[in-house]
Each structure stands twice: as C-alpha cells, then as structure tokens.
1. Using a 1.4 Å probe and counting only protein heavy atoms, arrange 65, 150 so the residue with the most accessible area comes first.
2. Estimate the FRET efficiency between residue 139 and residue 46 by the formula 1/(1 + (r/R0)^6), using the beta-carbon distance for r and 30 Å for R0, to the nearest 0.05.
3. Is the shape of the range 31-178 rounded, prolate or oblate, going by the alpha carbon gyration tensor and its root eigenvalues a ≥ b ≥ c, with a/c under 1.5 for rounded and a/b larger than b/c for prolate?
4. Among 15/78; 70/138; 31/149, which pairs are too far apart, with a Cα-Cα distance over 30 Å?
5. Using Cα atoms only, what is the angle between the long axis of helix 66-76 and the major principal axis of the chain, expressed in degrees (0 to 90) to the nearest 10?
6. For the chain, what does the helix formula give at 222 nm: sum of -39500 (n - 2.57) over DSSP H segments with n ≥ 4, over the residue count, nearest 500 deg cm²/dmol?
7. Rolling a 1.4 Å sphere over the protein heavy atoms, what is the accessible area per residue of the range 1-156, to the nearest Å²?
8. In degrees from 0 to 90, rounded to the nearest 10, what is the angle of the helix 124-157 Cα long axis to the longest principal axis of the chain?
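The values are calculated or read from the model by the stated rules, or taken from the named source; none is laboratory data. Since this is a predicted model, take the numbers as computed values, not measurements. Positions of Cβ are generated from backbone atoms using ideal geometry, with glycine treated the same way; all protein chains shown enter the neighbour counts. Heavy atoms of the whole protein, side chains included, go into the accessibility calculation; ligands, DNA and RNA do not. Shrake-Rupley method; radii C 1.70, N 1.55, O 1.52, S 1.80 Å.
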Amino acid sequence: MNLDSKIKYIVYCRKSSEPDERQALSIDSQKSEAVRLIERLGIDDSQIIKPFIEESHSAKIADTRPQFKKMIEMIANKEAGGIVCWLPDRLSRNAIDAGRIIDLMDKNLLTQIATTSQTFSNTPNDKFLFNILCSQAKLENDNRAINAKRGMRTKAEMGWFPAPAPLGYINEIGQLKG
C-alpha cells in the first residue's frame, strides 16, 4: 500500500460506554492495533499527530462526541489529512457523521482512512464502501433495539418481568415468586 508520506494522520480510538457495545475492543487494545497498523503501512512516526484521540461515547447519535468533532475540525483546518482507526464503525454509526467524513474527502481535505481491514482513499469506490460499512453499523444498532424490545415483549407475555424483580421478590428464571 502506497501511503502519501506528506499526510499527517490522526489516530482515533472510540469505545462506547453503553451496555450494548461492551464487547467492543477497549481503547488500549485499539491503540495497540493502531500502532501495529502504522508500522505495517510504513507510516513514519513524524506523520502521526499525538496524543491519539480517545473517546468513550456512543457513535449512534450525531453531534454527541466532542473528540470526534475535534478530529473533524482538525481535518477541516488542514492539520491532518488522514485517519488511522481500528474499524470504520469506530468513526461512525450514524449517517450524519459518515456524511461529514465523506464530505471532507469530497473537499480533498481527507485523503485516506487506514483501518485494520483496509485503507479507504478518496476514490468513488472507497467512499461508497466506507459509507456502506458505516450504514451496516447503523443497521446493527437499529436491529439490536428491535430485537431487545421483541425479547422483552416475549418475556412479558410469558409472565416474566422484563427487568429485575421488584423489591421483595426473588429473581428465578421462568418463575415468579412473591
């Protein structure tokens, strides 16, 4: 992979603090993966803006991540032209933030996004694929909400409390006791 040696890269690591994403890699793991990726791609240490940008917020809703906003502003101000991150879903799980990233590419302010699975350049196909991967992450979030509600509704129909038993009751699977 030929990466432009003049580009400054921002390393972005994000972990949601919400329960439905507890399986996501920790920020420390993402940082380790980013360092390995930087070495593998031959990105010079002088090209990396430090410290890495770290965030512990969900990416489901636009305009809720202060560090993401900082990164977008740095790219818009031409302080960086590339992003290194674990996977595209670390950058966006909503259409607005994905659109902001693609808009920066359209304006030739963001030229590369390097992830552990692939590198996205400022080409129509790469932007399209990046958008699909972010849209897939949004679909996964939307489906989780639907599935959780369905499961809670089914449990309620079976007579289960869809939450811990009220004070004074004992939690036993499949039975209600008073």
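1. Working: 65 10, 150 120 Å².
The ordering from most to least exposed comes out as 150, 65.
2. Details: r = 39 Å, r/R0 = 1.29.
It comes to 0.20.
3. Numbers: a/c = 2.95, a/b = 2.44, b/c = 1.21.
Since a/c reaches 1.5 and a/b is larger than b/c, the shape of the range 31-178 is classed as prolate.
4. On the way: 15/78 26 Å; 70/138 22 Å; 31/149 34 Å.
The answer is 31/149.
5. In the chain, helix 66-76 runs at an angle near 20 degrees to the longest axis.
6. Values: 5 runs with 76 residues, N = 178.
That calculation yields -14000 deg cm²/dmol at 222 nm.
7. Working: 8320 Å² over 156 residues.
Value for the range 1-156: 53 Å² per residue.
8. Between the helix axis and the principal axis of the chain, the angle is about 10 degrees.
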